[in-house]
Amino acid sequence: MAVSKMSKLTLIAPQGYSEKILSTVQGFQGVEIRDLFQQTVSNAWVADYFNEVEPLASQTELTKIEDQLKAISEAIQFIERHGSSKEKSFHLKRRQEALKVLEETFDETDFLAELINIQDLEKNFLKTEKKRQTLQEEESLLQKWQSLDFVPKNYSLYSTNFFLGSSDPEAWERVEHQMKKQQIYYEVIHSDDQTIHFGLLYLREKNELVQELIRQFSINAFRYDLPILPKEKLAEIQQASLELIEQQKLLTRLIGQKKVMIEKLELAEEILLAKKNRWLIYHRFIKNERVFLLQGWIETEMFETLKVFLAESVDLTNFYIEIEEPSDFEIEEEIPTKLKNNRFVRPFEMLTEMYSLPKYHEVDPTPWFMPFYFVFFGMMVADAGYGALMLVVTTITLRTLLPRGMERFMQFFQILAVPTMLWGLIYNSFFGFSFNYQPLLSTSNDVISILILSVIFGVIQIFIGLGLAASEKIKVKNYLGAISDGFAWQGILTGTIVGGLGKIVMHSQAFFTVGVVLASFSALLIVITPMIQSKSKLQGLASGAYNLYGITGYIGDLVSYTRLMALGISGGSIAAAFNMLVSYMPPIARFSVGILLMVILHGLNIFLSLLSAYVHGARLQYVEFFGKFYEGGGRAFRPLKTEEKYVNIKQEK
């Protein structure tokens, strides 16, 4: 249970095997590819032996893959949005599969042909839709002029002229008044709340007068150049619209039939995403007309497994592979961190990752804080009913195949359901109700006992944190630092506890004296140690005194652990208050609206309790525990792998 031991991997093969090897390494999902063209001490040999080799350009191929991925996404979206609702969509069900099997069963030619077919359907559908919209707009306009009983294009008289236009209803009264006043014949063809559509017939000698009226009242002219009446054109449009509707219905059925292809499109997307990830690292390895060479980081214990895995795809005689210990420079500047814990601790790694991964040579804090987080979370939620519900939901969810991140998240809460139930039994709380037995700790009568227990848990965790701080100092042979940063503070805590117990609980002067002497001696060590380490004794004394002033921070740390008591009691009290509220209802309301109210209120309380326990539990680890010994700053191990958007990739022999 620590940071995995890593080795530097070197693989050399004829360039013809490069694609197969890369695909196999990606399916293995346990090798992080190094950038051989990065200017570091570890890559100095590249310039000596491969000075003519340039990083491989991959932008063209990447662009091609990204275009295909975009086309797949658009095709799936189009099929689901416009396909017939009578057809059922067949999405790719998450499953475990080897990458080799996926790529061997993938027929790119068939996929591209099907994708083009779908794109053609989309083009035809959108073209038809655009025609329909155009006809609808034209129909909407002509419906307002269908009462026009002559064809303007065929109208031609020497003495008279005509005008078709539209006016705002507010201005129409004034327009109408002027028409009557000037003895201009007009006829309203269509009117609604927004526009008045009309026609004018007037002598040519009044043309300037009409034009002035058009400008004065901002009248919009309507130009109709078709050789048939508007109502006849309207009939043609309506007939064409009906034909387009039938055509669109046919296309909708054809698109709906493509819903069975969604599964294949999603599988193609998974494979293309895998190819994209391979192309993203093409600039990191060496490849010329003769040789393919890559380096990477791998867990030392996984090396033999990788050799067997590669041998299944490429004969061992066709490549050379070895591992070596990382150099000091690589440990300090380059090597990634991969945590290694058992299946009970592994879900808690996400809390470490949220804060910061340890450096390669640093202790992994996950197994050290896991028992405390386990206890603290249960103590803050502390309801057997809530815990049982968590256990049932997470167990049922985990029976299905989930994305790896979601699977770890569910496992995290499945484990935490156990302490939640245990503390619920200790407090005698089941969805806020109490069973007929005397609880080990009562949230109403034993508040002080729970408070003291919370602080005791805090003292134990801080004590372990200081021990880890001393251990880390000893690891780098900084023995004085181990005393001042670890053992001395443990001495102060131990002395304070012994002295307090001797004075308050045991009423023993001897215990009190031992505690005071131990605490005083430890405090003296904190002050003196920096003086020994520093060239300037005065500066060392000041540094030691400042370090000792940090004891006030320990008081604040211990007070922080009282939230274990506060949150546990508040959550149970709120649940009990909800139950009491419903119990006051009449029997009919209690077993109708009351049930719904209980579900809503307890659902809200569960959410808030879990959120509070998750956040405050993490806060106690990050501030009170990590602050004593943990630095972090490690770089995450990022192996060449697939996206696993739809399929969980497994190593299959």
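A few points about this structure:
- Selection of region 113-140 for residues being surrounded by 15 or more Cβ atoms within 10 Å (Cβ to Cβ) and not β-branched (Val, Ile, Thr) yields Glu114, Leu115, Leu121, Glu122, Asn124, Phe125, Lys131, Arg132, Leu135, Glu138, Glu139.
- Taking first residues from region 575-596 that are assigned by TED's automatic domain parsing to the domain that holds Ser609 and more than 18 Å from Phe433 (Cβ to Cβ) and partners that are loosely packed, with under 13 Cβ neighbours inside 10 Å and not hydrophobic (A, V, I, L, M, F, W, C), no Cβ contact under 9 Å between residues at least 6 apart in sequence or on separate chains turns up.
- Filter result (under 57 Å from the mean Cα position of the chain (by Cα), touching a residue at least 24 places away in the same chain (Cβ under 8 Å) and either surrounded by 12 or more Cβ atoms within 10 Å (Cβ to Cβ) or part of a helix (DSSP H, G or I) (or both)) within region 220-244: Asn220, Phe222, Lys233, Leu234, Ile237, Gln238, Ala240, Ser241, Leu244
- Every condition in (1) among the small types (Gly, Ala, Ser); (2) closer than 25 Å to Arg404 by Cα; (3) not in a helix (DSSP H, G or I) is met by Ser73 except one, and the failing one is (3).
- Test: residue in region 249-265 that is small (Gly, Ala, Ser), in contact with a strand residue (DSSP E or B) (Cβ under 6 Å, 6 or more places away or on another chain) and either more than 30 Å from Glu122 (Cα to Cα) or not assigned by TED's automatic domain parsing to the domain that holds Lys181 (or both): no
- Test: residue in region 245-256 that is in contact (Cβ under 8 Å) with a residue 24 or more places away in the chain, crowded, with 16+ Cβ neighbours inside 10 Å and closer than 22 Å to Asp35 by Cβ: no
- Which numbered condition Arg404 fails, given (1) touching a residue at least 60 places away in the same chain (Cβ under 8 Å); (2) more than 32 Å from the chain's Cα centre (by Cα): (2)
- If the condition is being farther than 15 Å from Gly199 by Cβ and assigned to a loop (DSSP other than H, G, I, E, B), then region 111-163 contributes Gln143, Ser156, Tyr158, Ser159.
- Ser85 satisfies every condition listed in (1) part of a helix (DSSP H, G or I); (2) surrounded by fewer than 11 Cβ atoms within 10 Å (Cβ to Cβ) except (1).
- Pick from region 277-318, criterion under 25 Å from Ile65 (Cβ atoms) and among the small types (Gly, Ala, Ser), ranking: surrounded by the most Cβ atoms within 10 Å (Cβ to Cβ): Gly296
- For Asn436, the conditions (1) modelled with pLDDT under 95; (2) in contact with a helix residue (DSSP H, G or I) (Cβ under 8 Å, 6 or more places away or on another chain) are fulfilled apart from (2).
- Residue in region 18-39 that is closer than 19 Å to Leu310 by Cα, modelled with pLDDT of 90 or more and basic (Lys, Arg) present: yes
- Matching residues, region 319-332, being surrounded by 13 or more Cβ atoms within 10 Å (Cβ to Cβ) and out of contact with any strand residue (DSSP E or B) (no Cβ under 6 Å at 6 or more places or on another chain): Ser327, Glu330, Ile331
- All positions within region 530-556 that are in a loop (DSSP other than H, G, I, E, B) and surrounded by fewer than 15 Cβ atoms within 10 Å (Cβ to Cβ): Lys535, Ser536, Gly550
- Selected residue [within 30 Å of Leu501 (Cβ to Cβ) and surrounded by fewer than 18 Cβ atoms within 10 Å (Cβ to Cβ)] from Val527, Val559, Val615: Val559
- Residue count for region 562-592, restricted to those that are farther than 28 Å from Ile426 by Cβ and surrounded by 13 or more Cβ atoms within 10 Å (Cβ to Cβ): 3
- For region 467-474, the count of residues that are over 30 Å from Tyr630 (Cβ atoms) and either of a type in the set (D, E, K, R) or crowded, with 18+ Cβ neighbours inside 10 Å (or both) is zero.
- Beta carbons closer than 7 Å, at least 6 apart along the sequence or on distinct chains, pair a first residue in region 528-547 that is in the same structural domain as Tyr479 (by TED's automatic domain parsing) with a second that is modelled with pLDDT under 80 and outside any helix (DSSP H, G or I) for Gly540/Ser534; Ser543/Ser534.
- Among (1) charged (D, E, K, R); (2) assigned to a helix (DSSP H, G or I); (3) within 31 Å of the chain's Cα centre (by Cα), the one test that Arg284 misses: (2)
- Scope region 188-219; condition free of Cβ contacts under 8 Å to residues at least 40 places away in the same chain, among the polar types (S, T, N, Q) and more than 18 Å from Ser147 (Cβ to Cβ); matching residues: Gln211, Gln216
- Test for Ser522: is it touching a helix residue (DSSP H, G or I) at 6+ places or on another chain (Cβ under 8 Å), among the hydroxyl-bearing types (Ser, Thr, Tyr) and not in a loop (DSSP other than H, G, I, E, B): yes
The values are calculated or read from the model by the stated rules, or taken from the named source; none is laboratory data. Values in this document were obtained by computation on a predicted structure and should not be read as measured data. Here Cβ is always computed from backbone atoms with ideal geometry, including for glycine, and neighbour counts include all displayed protein chains.
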